[in-house]
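Take a look at the structure below.
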Amino acid sequence: MFYREAGQFKTTYADDQALLPIAQDRVGLIIVLAIAFLVLPIVASDFFLSSIMIPFLVFALAAIGLNILMGYAGQLSLGTGAFMGVGAYSCYKLTTIFPDLNILIVLLLSGFFSAGVGVVFGLPSLRIKGLYLAITTLAAQFFLEWCFIRVGWLYNYNDSGAIEVPQRELFGLAVTGPHATPETRYLIILTIVAVMTLVAANVLRGRIGRSWMMIRDMDIAAELMGVRPLYAKLSAFAFSSYYCGVAGALMVFMWLGSAEVEAFDINHSFLVLFMVIIGGMGSLTGCFMGAAFIWVLPVILRAIPPAFELDILAATMEHISSIIIGALIIFFLIVEPHGLARLWRVGKEKLRTWPFPYAT
Amino acid sequence: MNLKKLSCTAIAAAAMVVGLPIAQAEDSLFMPSLTYRTGPFAGGGTPFADGYADYFNMLNERDGGIGGAKIVVEECETAYNTQKGVECYEATKDKGALAYSPLSTGITLALIPKASVDEIPVFSMGYGLSAAAIGEKFPWTFVYPTTYWNQLSSILKYIDANGGLDGKKVGFIYLDVGYGKEPLPLLEKLSASLGFEVAKYPVGVKEMQNQSAQWLNVRKERPDWMIMWGWGAMNPTAVKEAAKIRYPLDRFIGNWWAGSHNDLNAVGKSGKGYLAANFSGIGQDFPAVQDILTHVVDKGNSKVASRDDVGNVLYNRGMFNAVVLAEAIHVAQQKTGKTVITGADMRDGLENINIDEARLKELGLEGFSAPVKGTCSDHEGAGAVFLQQWNGEDWEKITDLIEPDNDTVRPLLEEAAEKYVSDKPDWQGQTCS
Amino acid sequence: MEALMPALDAVFLAPFRDMVSLPDFLIQVIWEGFVSGILYALIALGFVLIYKASAVFNFAQGIMVVFAALVLVSLFDMGVPAWIALILTIGVMGILALTIERVVLRKLVNQHEAILLMATIGLTLVLKGAGQLVFGGEPKTMITEELGFSTGSSDWEVFDGIVIFQHIDIAAAVIAIVMVAALGVFFSKTRIGRALRAVADDHQAALSVGISLNQIWAIVWFASGIVALVTGIMWGARSDVSFALEIIALKALAVLILGGFTSIPGAIVGGLIVGIGEKLFEVYWGPLFGGGVEAWFAYVLALIFLLFRPQGMFGERHIERV
Amino acid sequence: MSTALDEVQTPLNDNTAVASEAAPVLLSVDNVSLSFGGVKAISDISFNILKGEVRAIIGPNGAGKTSMLNVINGFYHPQEGRISYKGKTRKRMKPHQAAASGIARTFQNVALFSGMSTLDNIMSGRSLKMHRGLIWQMLHVGPARNEEIAHRQFVEGIIDFLEIAHIRKQPVGKLPYGLQKRVELGRAMAMQPELLLLDEPMAGMNLEEKEDMSRFILDLNSEFGTTIALIEHDMGVVMDLADRVVVLDYGQKIADGTPSEVQANQNVIDAYLGVAS
């Protein structure tokens, strides 16, 4: 009823090309951002911020990274976890080598290392397509995991073999390490994720984003239109891996506080993959929806037995959530391969045409 | 689903967001239990979690709790996964958690800095960071009864007593993660001072069940002894592979996470002779274990699959974890005079713990383990371990307690602790008189 | 230069000197590689069967191996005699195949192969959750002896040393060979087998043979379910039955790259190359890298191979048309 | 204003040459042979395309017509022979190089970017004309935004020309076939090509759609002076549109000339009778 675009006329191409051409969407986004930036840090509990919101944002960023590669450029990757790892280890090395460098700069710089590694492992994509490529990204995953274990230099030869986040301050406020409050960490991640999402949206609607989608939809035609597969594919790998790398660095520095190689194992690659599938391939909104769904669903499932005073083992709920997520992946692939994001859009379309059910 | 339950859920959800403290019963003691009944290591996590929960439940049933306060055990499933472990920590710490036993090196490393800020002790019993034995540097972390490093020195002592170490070759097969690599620095230092050679055989987590290459190398290099830092599916596979290449199993010694019933039941007769270190008693022949059977298991309040599982190596170890924590609560209650204590009180309790032989007997655990005694600077106790041997069907204790070589190990631990805090300028230590 | 020579020697010469100096050991290494190669090949075979007939890249093959073995062991634990448990397990795999065909595949006909792959990843999650829910997460012991396999070993004295052959490994090799031969006969001699081959080439053509696509899919899933069961028994006998096995199954993906997605001989040869290659590499070159190289050897080998021959060993070069 | 904008604002009809025998040769194919694993798809074919003309390539199924187009725009590399385009002779060229030198094409089986909207599909034809780097793209302000808007303006011109304004924002995957073909033409037009290769632009269309498409092709040729090479089965259309026709059969050239000459050629009649049902 309120979601109508009637009366909103675009008078310039610039207006028409805006990210959110419909006024209600813009208002909605502003409200969401206002809640995220202003309300949540004040009212939400530490647990909600540090165990739900922070992981959600980290995974949303990683999902954006994978979605750029998979949903927009059409290159299937199972190496997300390892690329996140490259970001995390780079961040650790950078901040221990240059302890005085601003931590935000370090976080953003560390993405470049994973972008570089992403390009190297993206090289086969020039000759290999589809499932074959997916399997070669497994090579990246396992080889990098091995490096994280075997190359002691990466974790400063710690006895524990783990990277431990040192405390870093920004304007006298601890932003990493145990003394950083959840609110501080949350706001920093939120800012980084918001800005990086905007940047991704900008790139995706421009020439470069279009060249990725061209390669995805029909690589031969794209090449005949003058897109160079070399640049398009490698830039997609670089861009995607940059996002994954920053997400990995944020994961360790702003959330876990320390990490062993398991934090970047193949299961994380799959976790992010599920987020992209369920959220919707080729949709940035979908990345947030998918991340929220996959991360929050088990948390909710875990809260059900106590709420109903049922004596169900935590482990049982764990298995059930695995079944549910698996079944939902199949369900979405069958019913709506474009995931939650498409359902959301369909819902909005219904609102626009309400009360006429069949108008386009 | 009726309306009342629905509204309960909604309120719980809202409470979760804004973090209203979910009311705990007054005068109760909240003990979170980070379990891993799922995931690749579930086989070991399940009996441990059962023993832990059953002991506290037994105290509730038999004694009405500790000092009159009931113990509330809340399980949170980590699947041995660091992220979920951190989540469990965040979810339970505000409910008045008294101590955490993270049960995975990864989670332990993540919690050590967090818990010290939140003033909740971390009790990583015989795992985690060996350097945490140094109380001056790690006021909030405890590793009773002993560390990996001291355990290794005990094992080496046993080898030395059975044919000498000098000039020998010792193979070290380990899970290629932080846990398995933990004792490497000590092993290398001791090999130089004791004059033995070390051959290392890492086993990747993904290759746990595919160890033939490592054992082929063992066959080639013929070490005189093998020591294993293994966990989960790695252990039975290793013992099977060792038997396959006809390595003498009585020269193959696992650490205390590589010597449970779960590991060797799968191997059966072919694992006969394999040795493992242990610090907690085996079997049901302890009054405390009998009490668990009467008060918890037989009443159907335990999660164990069968009554026979009680008394297994890992079950008893989980129980021992609870014993130490219960004792710490007891000490803290006596020191403060309060029934309901805080994390900080708990820390004092742990630091002043003293489970000597008389106390073990009182607890119904005579001969169960070496005495556990802590001080401000010693968060480890440098307890002794014994060796047990698999007879094809069950574990048998074959040695007396073997004291570690703490004089050698302690300075190395101090060095490691120093290194840990060196790049953390804001680290809070404590001074011990 | 002088610093380089020992390094070159260590990489290019020393391993071969090692091999020659202990020939019995070399044979043992190759045998071990051969046996694990057979197991990789069996997993890959399950993939190939399904991919050939339905172009579904079945990521769930690894978990099906675990699932089949768990069903077998759990039935036995419930008191069912071993051989009856085996037959019942085959029945369970049949029901599973029918269910997968009905609930998942039928709805996804003609979808893009990436979508089908992801559906099987979803299936993996479901099977993993359901398996742990029903059977528990603890590792279980394979009922090797109860099924009539010897757990002993035989020695072969050669080159002044011995090579040890586990009977179960020999059995695995024999069963694998028999199974591949049986599949070969099935594909070339039976009506259904020929229809399966026709399906691989052209769905319409298969329909004209008078067998519905749905039936064929159910049959291939069932067939690879049986392959999974055999694999599960063999691998379970070598270590134990646990969900940790699932990750090892991923190596079959590397095998597929070498052998091609549709070639049964390719799966076998690819499996053996990966199995033997990774053992030789780990034993003779692994120490140079600090060990543990088995974790990535198969994938990196596949990656390098792909760069030179993207269509696999036995695949035909694909000509793109517009 | 930046150079990118200047380029965009150049009128479409900058090459005003009209087809005549005197017009310069734009592309010439000399003795080209192409085979796949021993099977000859094209053998020893030579012909040329003059600037500004509409050149048709016809022949029965499997005559090698599409292969010929693929050779011209660099998708296939001929084993023998040479291709000269705008006076430059080459043996190999990559498709994107062909695109950069002004060759655009459409496909027999529509090869649109099915996940993208009509507008984005046609915008994709502007890829080579857009130059703002990654940094500007990321910020999407100033030059990058202006560039995007300028090209949008240009693309809107094409949308008007092809009368597809109503499907501007729709994903092309779900459009009817005839419209998809039109969008594909629009995408090729957006490249402002000197040489436009059309592979069966009217296949599967009804009469009305064919008439529309013919009108677009003729307008494109006469108003904007684009040189066009097209493959078409409908002889009526070919005779109406083409200035000159080359006929292929079994990979060989059997005739070349004006429509009426070709129509009278005995080889052509035989080839068509032999294959036609």
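Structure data summary
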| quantity | calculated |
| --- | --- |
| Shielding by partners - mean other protein chain Cβ count within 10 Å, residues of C:227-240 | 3 |
| Shape category assigned to region A:101-253 from the gyration tensor of Cα positions, a/c cut at 1.5 | oblate |
| Tail beyond 25 Å, pair distance distribution of region C:29-308 (Cα, percent) | 47 percent |
| For chain D, built as a Gaussian network whose Cα springs stay under 10 Å, the top-fluctuating residue of D:ALA99, D:ALA190, D:ALA56 | D:ALA99 |
| About the Cα centre, charge dipole magnitude for chain C (Lys/Arg +1, Asp/Glu -1 at Cβ), debye | 1580 debye |
| For D:PHE75, A:PHE83, D:PHE36, A:PHE274, order by how many other beta-carbon atoms lie within 10 Å, fewest first | D:PHE36, D:PHE75, A:PHE274, A:PHE83 |
| Listed residues A:TYR89, A:TYR231, A:TYR72, most fluctuating in chain A (Gaussian network, C-alpha, under 10 Å) | A:TYR231 |
| Bins of 10 Å from zero: percent of alpha-carbon pairs in the protein assembly as shown | 1, 8, 15, 19, 19, 15, 10, 6, 4, 2, 0, 0 |
| Eligible lysines near D:LYS51 by straight Cα distance, threshold 18 Å, same-chain separation 8 or greater | D:LYS86, D:LYS88 |
| Anisotropy class of region C:1-61 from Cα gyration tensor, a/c 1.5 cut | oblate |
| Expected-Rg normalisation [2.2 N^0.38 Å, Cα atoms] applied to region A:44-353 | 1.00 |
| Average partner coverage of C:24-32, which counts Cβ from other chains inside 10 Å | 3 |
| Lys/Arg +1, Asp/Glu -1 at C-beta; the protein assembly as shown dipole; positive extreme among A:SER51, D:ALA188, A:SER211 | D:ALA188 |
| Amide H contacts under 5 Å for B:THR141, placed H, 5+ residues apart | B:VAL122 |
| Between 0 and 90°, nearest 10: helix D:177-190 axis offset from chain D longest Cα axis | 70 degrees |
| Dipole of region B:194-310 [Lys/Arg +1, Asp/Glu -1 at C-beta], most positive-end residue of B:ILE292, B:PHE279, B:PHE252 | B:PHE252 |
| 5 angstrom amide H check on D:LEU197, placed H, neighbours 5+ away | D:ALA104, D:ARG105, D:THR106, D:ALA229 |
| Integer Hz, Karplus 6.51/-1.76/1.60 couplings in order for region C:255-262, x for Gly and Pro | 4, 4, 4, 5, x, x, 6, 10 |
| Angle between chain B longest axis and helix B:234-244 axis [Cα atoms, degrees, rounded to 10] | 20 degrees |
| Separation in nanometres of the label points that stand 7 Å from Cα toward Cβ, at B:SER193 and C:LEU8 | 4.4 nm |
| Highest-fluctuation residue, C:THR190, C:THR231, C:THR144 considered, GNM on chain C with Cα pairs under 10 Å | C:THR190 |
| Value of relative contact order over chain C, rounded to a whole percent, pairs C-alpha under 8 Å and six or more apart | 34 percent |
| Sites A:LEU126 and B:LYS361 - FRET efficiency at Förster radius 51 Å, r taken between beta-carbons, to 0.05 | 0.10 |
| Axial C-alpha extent at least 24 Å, average Kyte-Doolittle at least 1.0 - helices from chain A (DSSP) | A:103-122, A:130-150, A:182-205, A:284-307, A:314-335 |
| Separation in nanometres of the label points that stand 7 Å from Cα toward Cβ, at C:ILE87 and D:LYS174 | 5.4 nm |
| Inter-chain Cβ neighbour average for residues A:261-273, partner chain, 10 Å | 3 |
| Dipole-positive endmost among C:MET142, C:ILE273, C:VAL103 within region C:29-308 (Cβ charges, Cα centre) | C:VAL103 |
| Region C:170-185-region C:95-159 distance, computed between alpha-carbon centres (Å) | 19 Å |
| Charged-residue dipole, Cβ positions (Lys, Arg, Asp, Glu), region A:44-353 about Cα centre, Debye nearest 20 | 1340 debye |
| Cα extents of region B:138-229 along the three principal axes, largest first (Å) | 46, 35, 19 |
| Least to most buried among B:CYS88, B:CYS76, A:CYS244 (fewest other Cβ within 10 Å first) | B:CYS76, B:CYS88, A:CYS244 |
| Residues with amide H under 5 Å from that of D:GLN192, placed H, sequence gap 5 or more | none |
| For region C:170-179, Karplus couplings with θ = phi - 60° (6.51, -1.76, 1.60), whole Hz, Gly/Pro x | 4, 4, 4, 4, 5, 4, 4, 5, 4, 5 |
| Separation in nanometres of the label points that stand 7 Å from Cα toward Cβ, at D:ARG92 and D:VAL141 | 4.6 nm |
| Fewest-first ranking of B:ASP394, D:ASP256, using other Cβ atoms within 10 Å as the exposure measure | B:ASP394, D:ASP256 |
| Estimated FRET transfer efficiency (D:LEU134, D:LEU207; beta-carbon r; R0 51 Å; 0.05) | 0.60 |
| Cα-based Rg of region B:327-374 normalised by 2.2 N^0.38 Å, two decimals | 1.18 |
| Hz values of 3J(HN,Hα) by residue in region C:84-93 - Karplus curve (6.51, -1.76, 1.60), Gly and Pro given as x | 5, 4, 4, 5, 4, 4, 4, x, 4, 5 |
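Bear in mind these aren't lab numbers, they're just calculated from the coordinates by the rules spelled out. None of the values given here were measured: they were computed from a predicted structure. FYI the Cβ positions are ideal-geometry reconstructions off the backbone, even for glycines, and counts take in every protein chain you see.
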